[in-house]
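The structure appears right after this line, and notes come after that.
The values are calculated or read from the model by the stated rules, or taken from the named source; none is laboratory data. The structure presented is a predicted model; accordingly, all values stated were derived computationally and were not measured. Every residue, glycine as well, gets a Cβ built from its backbone with ideal geometry; the counts of neighbours run over all protein chains shown. Note: areas computed on protein heavy atoms with side chains; ligands, DNA, RNA excluded. Shrake-Rupley method; radii C 1.70, N 1.55, O 1.52, S 1.80 Å.
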Amino acid sequence: SQTEPYTCGACGIQFQFYNNLLEHMQSHAADNENNIASSQPRSPLAVVEEKWKPQLQRNNANNTSASGSVGNSAIPEKERQNIAERLLRVMCTDLGALSVVSGKEFIKLAQTLVDSGARYGAFSVTEILGNFNTLALKHLPRMYNQVKVKVTCALGSNACLGIGVTCHSQSIGPDSCYILTAYQVEGNHIKSYVLGMKGVDIRDNGDFIHHWVQNVLSEFVMSEIRTVYVTDCKVNSSAFSKAGMCLRCSACALNSVVQSVLNKRTLQARNMHEVIELLNVCEDLAGSTGLSKETFGSLEETSPPPCWNSVTDSLLLVHERCEQICEFYSRAKKMNLIQNLNKHLLSNLAAILAPVKQAVIELSNESRPTLQLVLPTYVKLEKLFTSKANDAGVVSKLCHLFLEALKENFKVHSAHKVAMILDPQQKLRPVPPYQHEEIIGKVCELINEVKESWAEETEFEPSTKKPRAAGEATAAQEEDWFGKNEVYDYLQEPLFQATPDLFQYWSCVTQKHTKLAKLAFWLLAVPAVGARSGCVNMCEQALLIKRRRLLSPEDMNKLMFLKSNML
């Protein structure tokens, strides 16, 4: 039989393992100690003055001679901790500072500030504080635990609603690493927490990554918490499905759709040589001379996510800036490149591919919910490819291939269907009527699956009126317990005409549509795309640390955790 969870007496968060509880409680103690220290009426300056006053009197005549005679004990331990915290914040702002803070110029700057600002005489920074890296890393576990306890409390407070978890790899050259991030609603906003990073080993299989994810999550949340996973194509989704719903990153899926159709070997096997030639010419025009965005400007104000690595970018750039590019190459006397450009095919291909890239950008929006857009995106692209599949020639052939690739790579999960209904501007509008009952059934199934955890909360318990006679519970009451009546009541309300703030909307109707609101605050916090805009920078810094062997993997993971969750 499964052992009872261990509960923290301070905040009520539960843990599967006793060691995690001990670490959590130690973090509480460290946090409380800091709060007590910071609330003392005496200022830090008064404490420092008291400690250093004798030293000041002895060396008042010649402060500069004091630098060699001040011992390590001249600075109180609490002051050393404050300095260590500042150093860690500098490191988290830019992990390149790992090598900077021990450099001569940084030491000179610190020395100048101390010499100029200290009212109690100058002293040697290196003698008092020692190596800055060593000092900062000595206090890294303490600060890591302090921030970790806050993240644990934040995620634990949302246990009844459920969370979203993304496990996505990011490649930088030949190397890549996984970033594990948790998402939940706090107030009316989506809050994300980077829980861990791991360098990718070519020997790691999907099950190994799954075990790593579960081990990291066990330090922050109970295993029973409702979880929706979003993973890239390199992760074995079947392993994650055992622990919760597992969705594929929508940007990765659409990337696979495009790559599978426009793969040059595939095009060659299908005798579509004019498409291969067009892609080659576009790459030459937009990429080989380094002229793309620097010369002709970017295509969009918002960039696609890092996992969008499409062969279409050069083609869309050439189509968007065709006149400027042609003018540029004609001036450069390179007319042969322009003459080889099939503008008719370029225009037709751009009409197919531009909506795909725009869909990826919309699905990767980090400032608002996106999961409800996945099914409407599928429907929209399916209609686009179908409408152009009747055109003549190579475009028709390509659209048939895009339809096949869309069905094979862009999988719509029941969570996507339920999320779509939870958008009061959409509800069931994007899908044909014959699918309505099936999707309503999915909503009721999900309510039925998770209602046990909701029933633990008294404010969300369904009203249980005593029956007039024993065994008089009607089918209607049973349906209401599964939420069907609530779903139909919600669907009968008029659609929103303007785009609503979804969490604000569900906050306002929580009493009216209790079960649906619960689903909304869980599912709409789950992103459609697993990769975030900051992934590239974080992975670049993590891999740089790994290559230069600046930190151990454990310390690197802790520093990345601080960088993501402390600032």
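Of everything in segment 114-147, what is at pLDDT below 80 and part of a helix (DSSP H, G or I)? Give them in sequence order.
Val114, Asp115, Ser116, Gly117, Val125, Thr126, Glu127, Ile128, Leu129, Phe132
I'd like the residue in segment 421-442 that is among the polar types (S, T, N, Q) and in contact with a Pro (Cβ under 8 Å, 6 or more places away or on another chain) and, out of all such residues, is surrounded by the most Cβ atoms within 10 Å (Cβ to Cβ). Break it down stepwise before answering.
Initial filter on segment 421-442 (among the polar types (S, T, N, Q)): 425-426, 435.
Filter once more, keeping what is in contact with a Pro (Cβ under 8 Å, 6 or more places away or on another chain): 425-426.
On the way: Gln425: 14, Gln426: 18.
Restricting to residues being among the polar types (S, T, N, Q) and in contact with a Pro (Cβ under 8 Å, 6 or more places away or on another chain), the top hit is Gln426.
Name, by its number, the condition in (1) under 14 Å from the mean Cα position of the chain (by Cα); (2) surrounded by fewer than 20 Cβ atoms within 10 Å (Cβ to Cβ); (3) among the hydroxyl-bearing types (Ser, Thr, Tyr) that does not hold for Ser564.
(2)
Being of a type outside the set (A, V, I, L, M, F, W, C), assigned to a helix (DSSP H, G or I) and farther than 22 Å from Asn255 by Cα is the filter here, so list the residues in segment 382-437 that pass it. Can you show your working first?
The initial filter retains those residues of segment 382-437 that are of a type outside the set (A, V, I, L, M, F, W, C), namely 382-383, 386-388, 390-391, 393, 396-397, 400, 404, 407-409, 411, 413-414, 416-417, 423-427, 429-430, 432-437.
Subset that is assigned to a helix (DSSP H, G or I): 382-383, 386-388, 396-397, 400, 404, 407-409, 414, 416-417, 433-437.
Once the filter is applied, which keeps residues that are of a type outside the set (A, V, I, L, M, F, W, C), assigned to a helix (DSSP H, G or I) and farther than 22 Å from Asn255 by Cα, segment 382-437 yields Pro433, Tyr434, Gln435, His436, Glu437.
Is segment 534-549 home to any residue that is within 19 Å of Gln184 (Cβ to Cβ), modelled with pLDDT of 85 or more and of a type outside the set (A, V, I, L, M, F, W, C)?
No - not one qualifying residue is present in segment 534-549.
Identify the residue in segment 468-503 that is exposed (fewer than 12 other Cβ atoms within 10 Å of the Cβ) and within 28 Å of Glu366 (Cβ to Cβ) and, among all such residues, is modelled with the highest pLDDT. Before you say what the answer is, go through the steps one by one.
Narrowing segment 468-503 to residues exposed (fewer than 12 other Cβ atoms within 10 Å of the Cβ): 468-476, 478, 488, 492, 494, 497-499.
Remaining after also requiring within 28 Å of Glu366 (Cβ to Cβ): 497-499.
Numbers: Gln497: 81, Ala498: 78, Thr499: 77.
This residue is Gln497.
Yes/no per residue for (1) more than 26 Å from Cys322 (Cα to Cα); (2) modelled with pLDDT under 90; (3) buried (at least 20 other Cβ atoms within 10 Å of the Cβ):
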site	(1), (2), (3)
Ala243	yes, yes, no
Cys252	yes, no, yes
Val257	no, no, yes
Asn263	no, no, no
Ala269	yes, no, no
Met272	no, no, no
Glu277	no, no, no
Leu285	no, yes, yes
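Inspect all residues belonging to segment 518-532 and state whether any of them is open to solvent by 70 Å² or more (accessible area, probe 1.4 Å), at pLDDT 90 or above and out of contact with any His (no Cβ under 7 Å at 6 or more places or on another chain).
Step one: of segment 518-532, the residues open to solvent by 70 Å² or more (accessible area, probe 1.4 Å) are none.
Within segment 518-532, none of the residues are open to solvent by 70 Å² or more (accessible area, probe 1.4 Å), at pLDDT 90 or above and out of contact with any His (no Cβ under 7 Å at 6 or more places or on another chain).
For segment 384-441, give me each residue that is more than 18 Å from Pro355 (Cβ to Cβ) and of a type in the set (Asp, Glu).
Glu408, Asp423, Glu437, Glu438, listed by residue number.
Counting just the residues of segment 364-380 that are surrounded by fewer than 22 Cβ atoms within 10 Å (Cβ to Cβ) and out of contact with any helix residue (DSSP H, G or I) (no Cβ under 6 Å at 6 or more places or on another chain), which one comes out modelled with the lowest pLDDT?
Ranking the qualifying residues of segment 364-380, first place goes to Ser367.
Just to be sure I understand the filter: pairs with C-beta atoms under 6 Å, separated by 6 or more residues or on different chains, first member in segment 396-410 and closer than 19 Å to Asn348 by Cβ, second member open to solvent by 10 Å² or more (accessible area, probe 1.4 Å) and assigned to a helix (DSSP H, G or I). Which pairs pass?
What qualifies is Cys399/Lys388; Ala405/Ser260.
Here are some conditions: (1) of a type in the set (A, V, I, L, M); (2) free of Cβ contacts under 8 Å to residues at least 12 places away in the same chain; (3) in contact with a Ser or Thr (Cβ under 6 Å, 6 or more places away or on another chain). Ala392 meets all but one. Which one does it not meet?
Looking at each condition in turn, Ala392 falls short on (3).
Run Asn158 past the list (1) buried (at least 16 other Cβ atoms within 10 Å of the Cβ); (2) modelled with pLDDT of 80 or more and report the number of the one that doesn't hold.
Exception for Asn158: condition (2).
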